[in-house]
Structure formats: C-alpha cells, structure tokens
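Encoded as structure tokens, the structure appears first; notes follow it.
The values are calculated or read from the model by the stated rules, or taken from the named source; none is laboratory data. Being a predicted model, the structure only gives us computed values, none of them experimental. Note that we place each Cβ from the backbone using ideal geometry, even for glycine, and neighbour counts take in every protein chain shown. Heavy atoms of the whole protein, side chains included, go into the accessibility calculation; ligands, DNA and RNA do not. Shrake-Rupley method; radii C 1.70, N 1.55, O 1.52, S 1.80 Å.
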Amino acid sequence: MTIYHISAECFPVAKVGGLADVVGALPKYQNNLGHQSCVIMPFYDNKFTQNNTFESVFTATFLLGNEKVNFRVFKLKNKSLDFNIFLVDIPELLFTNNIYSNDDTNRFIAFQIAVLQWISQMEVLPDIIHCHDHHVGLMPFMMSHADQFKSLKRVPSVFTIHNAQYQGQFSHSKENLIPEFDKNLTGLLDWDEQINPLATAIKCAWRVTTVSPSYMNELMYNAKGLESLLSSERNKCIGILNGIDDVVWNPKTDGFLIKNYSKKTVISGKKANKQWLCKTFGLDEKLPLYIFIGRLVYEKGADLLSEIFDISLQDTQKSILLLGSGDQKVERGFEQLKEKYAGYFNAFIGYDERLSHIMYAGGDFLLMPSRIEPCGLNQMYSLRYGTIPIVHKVGGLKDTVTDINDHGFGFCHEGVSAIEVSKAISRANAFYARVEDFRKTLKRIMDIDHSWQYSAKQYIRLYNELIKLK
Ligand code: ADP
Ligand code: GLC
C-alpha cells in the first residue's frame with residue numbers, strides 16, 4: 001500500500017524532539033514490510049537542505065484567505081533515507097531555520113493546504129494519509145469537508161497524537177484561511193470557542209492513535225481540556241507503542257561514539273565513552289554517571305531537576321551530566337549547581353545530536369522524571385546502549401521500563417517529587433556497587449528489542465482495516 005506521512009519534523013532533515021525520530025523511522029520499517037511509505041514535510045532553511053540536492057516535482061498557487069501563495073514540492077534526490085521524502089517550499093512562510101516560531105498558525109495552515117492541493121490532483125491517490133500532531137491536525141477535516149479537496153474524501157486519514165499538551169489553538173477570526181467548506185460544519189473546528197487543530201483531528205480522522213497504550217488511557221482523564229472529547233471518540237482511538245530505529249541507534253556501528261561496542265564488549269566500550277565525557281566535562285570517571293537529555297520543560301520535570309541534583313550530589317558518590325535547553329530559569333539554576341558541585345555536575349545547554357549519542361553510551365543511568373511522557377524515546381535508546389533508566393511510572397515509560405524489584409531492569413518512582421526521584425537515584429547508586437549484578441543488567445537490557453518492526457506491523461493492520469471501509 002502507499003502511505004503518506006505528513007509532519008513538521010523528520011530526522012535527519014529537521015528535528016526538535018521525538019516526533020522527528022518517529023517520522024524518520026516508521027516509514028523505513030513500513031517499506032521493509034513491502035509498502036511504499038514516504039514523508040511530506042516543510043522545506044526549512046537548514047544544514048540538511050543546504051547540503052543536499054532536490055528536484056522540483058510540483059509547482060502551484062493557492063489562496064490563503066485572500067492572498068495568493070506560491071509553492072513548490074521538492075523531492076530529495078539522494079536515496080540515503082530508505083524512504084522518499086518530499087519538502088514543501090513556501091518561501092514567504094516556511095523558509096526559516098526555525099521549525100517552530102511564535103506564530104505558526106498561518107505557516108502550518110498554508111503547509112496543509114499546499115500538501116492537499118498537491119495530493120488531490122494526483123492520478124493515483126495514496127491508500128493512507130497519516131498526519132502527525134496538531135501542526136497538520138486540520139488535514140482530516142479538509143480532506144473530508146473542503147470543496148476543493150473532494151477527491152480525497154474517501155482516502156482514510158490516520159492521526160497520531162504525539163503530545164496532547166500542544167494543540168495549536170487559534171481564533172475563529174482566522175477561519176477564512178481554511179479553504180471553502182460548508183459553514184454548518186464549523187463546529188468540527190471548534191473547542192472552547194477557538195479553532196483547535198488537535199480537537200478537529202480527533203473528531204475528523206478515521207482513526208486516532210497515540211504513542212503508547214498507557215498514554216492513551218491517561219488521555220481520558222489528562223488531556224489539557226480534551227478529556228471528554230477523547231472519551232467520546234474512544235472507539236476509534238488506539239495506543240501503539242513507538243519503536244526506535246535500531247540501525248541509527250546501534251552501539252556497534254554508531255559513528256558518533258568514541259568507541260563502538262556490542263553486548264560482549266559493553267564494559268570496555270562504555271568505559272571509553274564515559275572517560276571521554278568525564279574528561280570533557282570535568283567529572284570523576286570512577287563514580288557512577290547519571291545523565292539527563294531533553295527539553296527543559298515542565299512536562300519533563302525540568303523544574304525539579306536542580307533540587308533533585310542538589311539532594312543527590314550531597315554524598316559526592318556520583319556525577320551528573322545534563323544536555324538540554326528550554327526554560328531559562330531552569331538553565332540559570334544549573335549555572336549555580338555547576339559552581340557548587342564542580343567536578344560532580346556539569347550541563348551542556350543546547351542541542352547536540354552527537355553528544356546525546358555519546359551520553360547514551362557513556363552514562364551508567366538515565367534520568368527521566370517526566371510528569372507526562374506520551375512515549376519517550378530516550379529510555380529505549382538508553383536500554384539499547386546498556387544504560388539503566390530511572391523513570392517516573394507514567395505513559396510510555398510505564399510501558400517500557402520495569403523496576404528491578406519486579407524482576408525488571410530499571411528504577412521506577414510513583415511520583416515526581418524531588419524526594420521520590422532522589423530515593424530512586426539512591427537505590428540505583430546502591431545497585432551500582434553490586435558490580436556483578438550491575439554488569440549482568442547492562443547486558444540484559446541491551447537485548448531488549450524495541451525496534452519498529454513490531455509497531456510498524458500494528459500500523460499496517462490498522463491501515464488495512466480502514467482501507468476495507470473505503
Ligand atoms: P520529546 O519528543 O518529548 O522531546 P522523546 O523522548 O520522544 O521526547 O525524544 C527526544 C529526542 O530528542 C531524543 O532523540 C533525544 O535524544 C533528543 N534530544 C532531546 N534534547 C536534546 C538535546 N538537547 N540535544 C540532542 N538531542 C536531544
Ligand atoms: C512527543 C512526546 C514523546 C514521544 C514523541 C514521539 O514529543 O513528548 O513522549 O516519544 O512525541 O512520539
């Protein structure tokens with residue numbers, strides 16, 4: 001079957017977080033199953049687009065309200081991605097090096113219209129259109145109800161919620177930007193007196209998925225105002241656990257690592273990566289190394305990190321290294337901690353793909369005290385690299401990490417107070433001292449298979465159900 005994934009991000013073209021990793025991997029695994037899966041995303045002005053060559057495959061104009069907008073669709077020439085990727089170039093709106101900005105409404109409405117205008121005139125339509133997150137949440141509505149896209153009415157749409165905290169709401173005063181539709185249907189766009197692309201997608205997509213079974217359950221009572229909508233649409237909703245790209249994330253071949261390693265050589269391999277990290281960041285390599293990688297936002301528990309680190313570092317029996325950026329108050333807090341715990345704590349504020357890989361490899365434990373975690377990929381990467389996760393039992397973390405006391409391999413805490421997280425860290429530190437058990441666990445977790453091959457099949461089954469309904 002032919003599947004079109006539509007997304008604002010896709011690794012390695014443009015990445016802010018896990019959305020990019022998912023959209024950059026799932027199509028590859030769907031193609032391995034014999035399908036034709038591709039990605040359509042915006043054309044940003046970034047390193048990837050500057051360093052690659054593209055061919056133009058479609059040019060047209062559409063109306064955004066009263067304004068004529070020109071766009072072009074480019075196809076990546078180089079075949080290195082294992083799936084076709086098409087970039088929609090709308091110079092006035094999308095061509096910046098920032099994936100997101102403060103006013104994304106016009107940008108992403110324009111992107112969605114351009115994509116549908118291109119697809120709707122194709123001689124052979126795709127079997128499935130799979131939209132990811134609120135940036136493309138109006139597409140299922142437009143496909144079913146915009147006069148201009150009538151040809152797409154019977155193409156099944158799947159919508160995946162990667163994070164319901166972000167819904168992309170905007171005022172009804174911008175309704176005129178959406179292509180002509182029967183005004184009796186305005187209610188489908190509305191939630192709480194605003195146009196809400198996430199709510200619209202939940203109402204209009206043929207099926208709604210999210211990225212782990214536990215998060216699907218949690219959404220019924222914690223979805224930033226959309227709980228009742230999700231409960232009423234529950235029958236068409238399903239949680240499918242994300243996978244990881246086990247080719248990109250493979251410690252044996254990962255080109256970013258200081259030293260590659262397998263399960264057999266994990267002890268010496270991790271040591272080399274840890275040594276590099278400790279030398280680079282002034283930490284003591286004899287102590288267990290705890291890492292945190294991620295966006296510094298409330299959902300990730302970022303506001304609690306300084307307190308957690310402060311409690312945990314008092315015994316001087318561990319080191320902590322953080323990679324991330326976000327809330328500036330949180331970032332400033334780390335500057336103070338760096339002074340207070342010099343030699344035990346360091347933080348790299350920013351985004352660095354290479355460093356993240358070396359950290360997954362060289363860390364001993366990974367911290368994820370997320371308040372909300374729809375799936376979480378970090379814990380799956382860390383398992384593959386033999387780094388033990390310490391997680392809040394929520395969402396996808398609950399579905400992928402089992403506590404060592406329950407015959408598992410990680411450290412789980414029930415709540416996200418600084419005290420609870422610090423207790424889990426203390427348990428981990430005691431475990432580190434049990435050298436044989438610790439080493440056995442590293443090897444055991446490297447065997448856990450979280451690759452996309454299982455979940456890719458689940459998506460195909462779901463698409464097949466929809467194709468039968470056409
Ligand atoms: P989310 O999408 O909510 O940010 P995920 O766990 O799904 O969380 O995915 C986060 C992805 O982004 C992972 O690939 C992680 O390694 C990466 N990442 C997050 N912050 C950084 C950073 N500062 N530098 C490099 N990679 C990062
Ligand atoms: C979102 C979620 C994260 C998930 C990712 C990929 O960014 O916050 O938990 O892993 O999407 O689905």
Query raised in the report: Quick one: in the range 347-375, which of the residues that are part of a loop (DSSP other than H, G, I, E, B) and touching a Leu at 6+ places or on another chain (Cβ under 7 Å) is nearest to Ala430 (Cα to Cα)?
Result: Asp364
Report summary line: Subset of the range 84-108, residues open to solvent by 60 Å² or more (accessible area, probe 1.4 Å) and hydrophobic (A, V, I, L, M, F, W, C), comes to Phe95
Report task. Being within 12 Å of ligand 1 (Cβ to nearest atom) and either closer than 21 Å to Ala430 by Cα or in the same structural domain as Lys224 (by TED's automatic domain parsing) (or both) is the filter here, so list the residues in the range 277-320 that pass it. Result -> Ile291, Phe292
Report summary line: Subset of the range 13-34, residues in contact (Cβ under 8 Å) with a residue 40 or more places away in the chain, away from ligand 2 (no atom under 11 Å from the Cβ), surrounded by fewer than 23 Cβ atoms within 10 Å (Cβ to Cβ) and not basic (Lys, Arg), comes to Asn31, Asn32, Leu33
Report task. Working carefully through the options Ile358, Ile349, find the one that is aliphatic (A, V, I, L, M) and touching a residue at least 60 places away in the same chain (Cβ under 8 Å). Result -> Ile358
Query raised in the report: Which ones in the range 207-239 are free of Cβ contacts under 8 Å to residues at least 12 places away in the same chain and open to solvent by 50 Å² or more (accessible area, probe 1.4 Å)?
Result: Tyr221, Ser228, Ser231, Ser232, Asn235
Query - Condition met for Lys252 (within 16 Å of Thr160 (Cβ to Cβ) and in contact with a Phe, Trp or Tyr (Cβ under 9 Å, 6 or more places away or on another chain)) - result: no
Requested in this report: Would you mention how many residues in the range 307-327 are closer than 21 Å to Leu355 by Cα, of a type outside the set (Asp, Glu) and either within 29 Å of the chain's Cα centre (by Cα) or part of a helix (DSSP H, G or I) (or both)?
Outcome: 9
Query raised in the report: Restricting attention to the range 62-83, does a residue exist that is on the phi > 0 side of the Ramachandran plot and open to solvent by 40 Å² or more (accessible area, probe 1.4 Å)?
Result: yes
Query raised in the report: When you look at Asn242, is it assigned to a loop (DSSP other than H, G, I, E, B) and open to solvent by less than 60 Å² (accessible area, probe 1.4 Å), yes or no?
Result: yes
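Per-residue answers, yes or no, for (1) within 16 Å of ligand 1 (Cβ to nearest atom); (2) among the basic types (Lys, Arg); (3) buried (at least 20 other Cβ atoms within 10 Å of the Cβ):
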position	(1), (2), (3)
Arg154	no, yes, no
Ser157	no, no, yes
Ile161	yes, no, yes
Gln165	yes, no, no
Gln169	no, no, no
Glu180	no, no, no
Leu185	no, no, no
Report task. Would you list the helices (runs of 4 or more DSSP H) that sit entirely within the range 10-101 and hold 1 or more residues that are touching a helix residue (DSSP H, G or I) at 6+ places or on another chain (Cβ under 9 Å)? Result -> 18-23, 26-32, 91-94
**Report entry** Selected residue (only one of Tyr432, Tyr454, Tyr381 is within 14 Å of ligand 1 (Cβ to nearest atom) and either open to solvent by less than 10 Å² (accessible area, probe 1.4 Å) or among the hydroxyl-bearing types (Ser, Thr, Tyr) (or both))
**Finding:** Tyr381
Report task. Evaluate the following for Pro42: is it open to solvent by less than 10 Å² (accessible area, probe 1.4 Å), modelled with pLDDT of 95 or more and closer than 14 Å to Ala456 by Cβ? Result -> no
